[in-house]
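Worksheet: one structure, shown below.
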Amino acid sequence: MQKNDLMDKILSLCKRRGFIFQSSEIYGGLNGAWDYGPMGVELKRNVKNAWWKAVVHSREDMVGLDAAILMHPKTWEASGHAANFADILVECKNCHNRFRQDHLKGKCPTCGAKEFTEGKAFNLMFKTQVGPVADEKNICYLRPETAQGIFVNFGNILDTTHRKLPFGIAQIGKSFRNEVTTSNSIFRTREFEQMEIEYFTHPNDAEECHKKWIEERFNWYLNLGIRKENLQLRVHGADELAHYAKGCSDIEYHFPFGWSELEGIANRADFDLKQHAQFSGKDLQYQDPITNEKFYPFVIEPSGGCDRATLAFLVDAYHEEVVNDQTRAVLRLSKELAPIKVAVLPLLKKNTDIVGLAKKIKKDLQKNLSCVYDDTAAIGKLYRRQDEVGTFYCVTVDVESLTDKKVTVRDRDTMQQERIGIDQLKQYLSEKFIL
């Protein structure tokens, strides 16, 4: 399958099966903005839950935070975003369209001309007003990253949790960047969701800590089903690093449009806490309870895009195969990520006894597993529909079920079918989903 064809098929499936819709589609859509449909919202929620489970609930050295999107404007002065968070734009002298300078390849992507204006800095932060009066004193910004909410709460976390180094603070939340060019569906957008950690450690331990987080984050994607050949680590060159950073490595995925970043793991040194201490006048140093040494911790930052991860899991899970001379498309999502675990299907939708039993089974199963009931097509079409959204098991209730008290359970990946007693069904499926 050609890469471009693969992306087209995935985007078609996302629209057809309710994963992703263009934002405000009935009005022609809004460029760079997307809505998650019934299947997509479940998949994305599962991605976030899997991340939180791995980095917070499964560790002893992590706590969570949910900071506000709107922050005091001095936050962005301290972080450097107010002065430096910009892309360099150029304008084509022929068609007058504007582009990021670093994305150009010698000629205008719109008209093919090769003459451009001098580059100008364009700040990526969305500006807004707080309160009823629109003046300079009330300017505020939609946050361009979640990290600063963690840094400004460092003292609060220390005071309330009494954590000792090393420890981390994790956050999932929306960020906003006025990207000049958006592309590839949910990969590059103006409104996106980040899964971000700031891990605080003694400066002497930062390098080793950085290595451990790179390994842990790389393995997270593998453990959730991404094929290893589609992942790579890319170490940033010295010319790519922020002026304060000691090092950074990107986890990249081989998307249909090329290798692109899923997550960056950076050693930010002690820049952020020092900056906020300077601008706020608050002491943000850590005091060792044993040695009484005071210092600014170094920070290791694993920062990933939830939307990009969701797209990568969709791409990697998509498979096609020929079954009975017909193409079967299936999303082989992992058990943790699949939006629906079980679909309950009546073989005859006009048989009230079969329908009643199927609905009773679904009601019982949904207490423990994400389930759907569907009787809107013939059984073969229902199977294909569930394959396309990644449903692990289909439970079919037929005429025999009314007498033998058994149902047919079909496996998504093997398409093998097994007859299971209704009284054993919940236990049977629960064991399948032990993670």
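Tell me the Kirkwood radius of the chain: reciprocal of the mean inverse pair distance over distinct alpha-carbon atoms, in Å.
Numbers: mean 1/r = 0.0405 Å⁻¹.
Result for the chain, one decimal place: 24.7 Å.
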Of all trypsin sites (Lys or Arg not before Pro) in the stretch 62-98, the ones in DSSP coil with at most 13 other Cβ atoms within 10 Å are Lys93
Pick out which of Ser260, Ser58, Ser401 has the largest mean-square fluctuation in a Gaussian network model of the chain, springs linking Cα atoms closer than 10 Å.
-> Ser58
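Out of all DSSP beta bridges in the chain, what portion is antiparallel? Express it as a percent rounded to 5. Kindly include the intermediate steps, with their values, before the conclusion.
Working: 70 of 81 bridges.
Approximately 85 percent, going by the DSSP bridge assignments.
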Across the stretch 321-326, in residue order, what do the Karplus-derived ³J(HN,Hα) couplings come to in whole Hz, using 6.51 cos²θ - 1.76 cosθ + 1.60 with θ = phi - 60° and x for Gly and Pro?
-> 8, 9, 10, 6, 6, 10
When the chain is treated as a GNM, springs tying every alpha-carbon pair under 10 Å, which of Arg332, Arg384, Arg59 comes out with the largest mean-square fluctuation?
-> Arg59
With both partners inside the stretch 340-432, how many of the DSSP beta bridges are antiparallel, as a percent to the nearest 5?
-> 55
Spatial separation of Cα centroids for the stretch 280-337 and the stretch 164-191, in angstrom | 11
Quick one: dipole size for the stretch 44-151, taken about the Cα centre, charges +1 on Lys/Arg Cβ and -1 on Asp/Glu Cβ, in debye to the nearest 20.
-> 480
Tell me what the chain gives for mean residue ellipticity at 222 nm when only DSSP H runs of n ≥ 4 count, each as -39,500 (n - 2.57), the sum divided by the residue total, rounded to 500 deg cm²/dmol.
-> -9000 deg cm²/dmol
Residues whose built amide H sits under 5 Å from the amide H of Leu345, excluding neighbours closer than 5 in sequence, are Val395, Thr396, Val397
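Going by how many other Cβ atoms sit within 10 Å of their own, how do Glu191, Glu136 line up, fewest first? Walk me through the numbers on the way to the answer.
On the way: Glu191 17, Glu136 6.
Lowest count first: Glu136, Glu191.
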Karplus-derived 3J(HN,Hα) from phi for the stretch 238-252 (6.51 cos²θ - 1.76 cosθ + 1.60, θ = phi - 60°), whole Hz, x at Gly and Pro, runs 4, 6, 9, 6, 4, 4, 9, 7, 8, x, 7, 10, 9, 8, 10
Which whole-angstrom value gives the distance between the alpha carbon centres of the stretch 239-255 and the stretch 374-435?
-> 45
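Are there trypsin sites (Lys or Arg not before Pro) in the stretch 195-267 that DSSP marks as loop and that have at most 14 other Cβ atoms within 10 Å, and which are they? Don't skip to the end; give the middle numbers.
Working: sites: Lys211, Lys212, Arg217, Arg227, Lys228, Arg234, Lys246; in loops: Arg227, Lys246.
Sparse-neighbourhood loop trypsin sites (Lys or Arg not before Pro): Arg227.
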Assuming a viscosity of 1.567 mPa s and a temperature of 4 °C, what translational diffusion coefficient in µm² per second does Stokes-Einstein assign to the stretch 340-432, Rh being the Kirkwood radius over Cα pairs?
-> 101
As straight-line cross-link partners of Lys114, the qualifying lysines (C-alpha separation under 18 Å, not fewer than 8 residues apart within one chain) are Lys93, Lys105
Most fluctuating residue given options Asn123, Asn46, Asn204, as computed from a GNM of the chain linking Cα atoms under 10 Å | Asn204
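The numbers here are math on the coordinates, done by the rules we state, and not lab data. What you see is a predicted model; the values in this text were computed from it and never measured. For neighbour counting, all protein chains shown are included, and Cβ atoms are generated from backbone atoms with ideal geometry for every residue, glycine included.
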